Amino acid sequence: QKEVEQDPGPLSVPEGAIVSLNCTYSNSAFQYFMWYRQYSRKGPELLMYTYSSGNKEDGRFTAQVDKSSKYISLFIRDSQPSDSATYLCAMSAANAGNMLTFGGGTRLMVKP
Amino acid sequence: SQTIHQWPATLVQPVGSPLSLECTVEGTSNPNLYWYRQAAGRGLQLLFYSVGIGQISSEVPQNLSASRPQDRQFILSSKKLLLSDSGFYLCAWGRNTIYFGEGSWLTVV
């Protein structure tokens, strides 16, 4: 079993829909949680960075962490065709510095 | 603000040829530096990381090596490329989290 599981998709939604992207993990030591967006043939771009449990909102994006369930989510409101990309979750333990464990990524397609 | 530059963006190399990918970071000092590889349809694989000049840790035994000759410069090399070295190579720098460069697409033919 992988440390971080992420459905590869593709997830196809109509423009304007609310998108929910999720990751589950097994290592209870993870305390820092990140979401990256990766467009085709580009490097991943950091979208959200959260510590421990709770929610964090940035514009149309909301990151949610439920440590009790070992489950993290990224919600995208009013999705746009420009949101079409692969979304990678990543996480690290408090004593692991920048050593991230990545999910395999979910490919999202937002259709106009 | 910090920026990361990585080059070349794309290259096609014959089997057995050498490789050199370069990465520089601006706007920060003594960053942690990383080389990742992303093969088609697969996740990100950490290849090397460095916490300082001349300090390189290898995560995966392979045909590649890394060097950090200056504080904000990280180089990925190979003496003889294999077909299996093809992939998308990403340099990254980190503080509390990791920031990636634009990547280098390597095709070994």
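The table that follows gives values for the structure above.
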read-out: Some residue of segment A:15-25 being within 14 Å of chain B (Cβ to nearest Cβ) and of a type in the set (Asp, Glu); value: no
read-out: Residue in segment B:67-83 that is in contact with a Leu (Cβ under 8 Å, 6 or more places away or on another chain) and among the polar types (S, T, N, Q) present; value: yes
read-out: Total residues in segment B:44-76, condition open to solvent by 30 Å² or more (accessible area, probe 1.4 Å) and either part of a loop (DSSP other than H, G, I, E, B) or touching a Pro at 6+ places or on another chain (Cβ under 7 Å) (or both); value: 9
read-out: Tally of residues being free of Cβ contacts under 8 Å to residues at least 40 places away in the same chain, open to solvent by less than 60 Å² (accessible area, probe 1.4 Å) and out of contact with any Cys (no Cβ under 9 Å at 6 or more places or on another chain) across segment A:15-43; value: 0
read-out: All positions within segment A:44-69 that are in a loop (DSSP other than H, G, I, E, B), open to solvent by less than 60 Å² (accessible area, probe 1.4 Å) and either at pLDDT below 95 or away from chain B (no Cβ under 11 Å) (or both); value: A:Ser52, A:Gly59, A:Lys67
read-out: Only listed residue being touching a Cys at 6+ places or on another chain (Cβ under 8 Å) and either buried (at least 20 other Cβ atoms within 10 Å of the Cβ) or of a type in the set (D, E, K, R) (or both), chosen from A:Leu74, A:Leu108, A:Leu88; value: A:Leu74
read-out: Among (1) within 14 Å of chain B (Cβ to nearest Cβ); (2) under 10 Å from the mean Cα position of the chain (by Cα) - the single one A:Ile72 does not satisfy; value: (1)
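Matching residues to (1) modelled with pLDDT of 95 or more; (2) within 12 Å of chain A (Cβ to nearest Cβ):
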{"position": "B:Gln2", "(1), (2)": "no, yes"}
{"position": "B:Ser20", "(1), (2)": "yes, no"}
{"position": "B:Arg42", "(1), (2)": "no, yes"}
{"position": "B:Gln55", "(1), (2)": "no, no"}
{"position": "B:Ser84", "(1), (2)": "no, no"}
{"position": "B:Gly94", "(1), (2)": "no, yes"}
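The values are calculated or read from the model by the stated rules, or taken from the named source; none is laboratory data. Because the structure is a prediction, the values reported are computed rather than measured. Methodologically, a virtual Cβ is constructed for each residue, glycine included, from the backbone with ideal geometry; neighbour enumeration extends over all protein chains shown. These area figures cover heavy atoms from the full protein model, side chains too; ligands, DNA and RNA do not enter into them. Shrake-Rupley method; radii C 1.70, N 1.55, O 1.52, S 1.80 Å.
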